[in-house]
Amino acid sequence: MSLIKEKINTDNLPKHVAIIMDGNGRWAKSRGEERTFGHKNAINAVRNAINACNEIHIPYLTLYTFSSENWSRPVDEVISLMNLLAETLILEEEEIFSKGLRLHVIGDLEKLPELVKDQLLHMIDATQHHTNGNLILALSYSSQDEILKAVKEISTEVKNGQLNIDDINASVFENHLYTKDFPPVDLLLRTSGEVRISNFLLWQIAYAELQFLDILWPDFTKDTFFQCIVDYQNKERRYGKTSEQLENNKI
Ligand code: IPE
Ligand code: IPE
Ligand code: MG
């Protein structure tokens, strides 16, 4: 039993946690290995994040798995990442099923190799009735592209007379994002010590709590996750209000 997990207040859990899983390359290099060794060792950390979420019933987990910018990495690394992704999806299918998780993907699926795309579409379809939590993989994902896509779709609706400019608001806009069916991100984690967002969920993290961890992704454990939740619960989310206003509302 985890002592850190015991400290979690189950009445104040984030609904949506998003993770920038960074530092695989450095983890491998520090062991004198190739970068791909780091990616292979990242799988266990992914399992840890999923299991931790599942254990405390966090309904939405989004994992930044491959960015649009990651296509510019050396071809060998991209191929090995795509192979690892295909392999892992097949190997973990049963586990995702038995946990009752529903799989979603955000990003430009069309750019992915056929094998990966087909396996993803199969799993998205096969898990669509699962209600025990949502696992969202950001793959070939760029938040700026997602926002531009929304702008183009909304502009087309205005041009065709289906939408009035004055009726464009945050909720209309959100309906054109990949994440339209998910709540906003409450907690964003990034491993590897980098303090940047790297084109991830720019709109969706407007009021998220951000935590930048000094550990490298393959070292991420369930207790790391539980500690992040405890730290999240020690923050006051004011949404522009004052502490006093929030205190008064509690009464
Ligand atoms: C994250 O680890 C995995 C992906 C971006 C696919 P990195 O591969 O970025 O590892 P570092 O940041 O170079 O150490
Ligand atoms: C962000 O990590 C993307 C993923 C974790 C999938 P990167 O390693 O690609 O980010 P930068 O290049 O350091 O900003
Ligand atoms: Mg990196």
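The values are calculated or read from the model by the stated rules, or taken from the named source; none is laboratory data. Given the structure is predicted, the values throughout are model-derived calculations rather than measurements. Ideal geometry is used to build each Cβ from the backbone, glycine not excepted, and the neighbour counts take in all protein chains shown. Only protein heavy atoms, including side chains, enter the accessible area calculation; ligands, DNA and RNA are left aside. Shrake-Rupley method; radii C 1.70, N 1.55, O 1.52, S 1.80 Å.
Ranked by the mean number of other Cβ atoms within 10 Å of their residues, highest first, the peptides 210-221, 19-30 fall in the order 19-30, 210-221. Past the 26 Å Cα-Cα mark, which pairs from K7/K235; K40/K149; K99/K222; K111/K149? Over 26 Å apart, Cα to Cα: K40/K149. Helices in the chain, meaning DSSP H runs of at least 4 residues, each add -39500 (n - 2.57). Divided by all residues, the mean residue ellipticity at 222 nm is -13500 deg cm²/dmol. Relative contact order of the chain, taken over Cα pairs closer than 8 Å and 6 or more residues apart, is 29 percent.
How much of the accessible area of the chain, probe 1.4 Å, is carbon plus sulfur, in whole percent?
50 percent
Shown here for region 214-251: trypsin sites (Lys or Arg not before Pro) in loop regions (DSSP other than H, G, I, E, B) with at most 16 other Cβ atoms within 10 Å, namely K235, R237, R238, K241. Of all aspartates and glutamates in the structure, those lying under 19 Å Cα to Cα from K29, and not within fewer than 8 positions of it along the same chain, are D76, E77, E194, D214, D219.
For region 177-213, applying the loop criterion from DSSP together with a ceiling of 16 other beta carbons within 10 Å to the trypsin sites (Lys or Arg not before Pro) yields K180, R196. Excluding same-chain neighbours fewer than eight residues apart, the aspartates and glutamates reachable from K117 by a Cα-Cα span under 13 Å are E87, D108, D125. Probing with 1.4 Å while keeping every protein chain in the model, the per residue accessible area of region 29-136 equals 52 Å².
What range in the chain is the longest one free of GluC sites (Glu not before Pro) that are in a loop by DSSP and have at most 15 other Cβ atoms within 10 angstrom? Maximal segment without exposed cleavage sites: 35-193.
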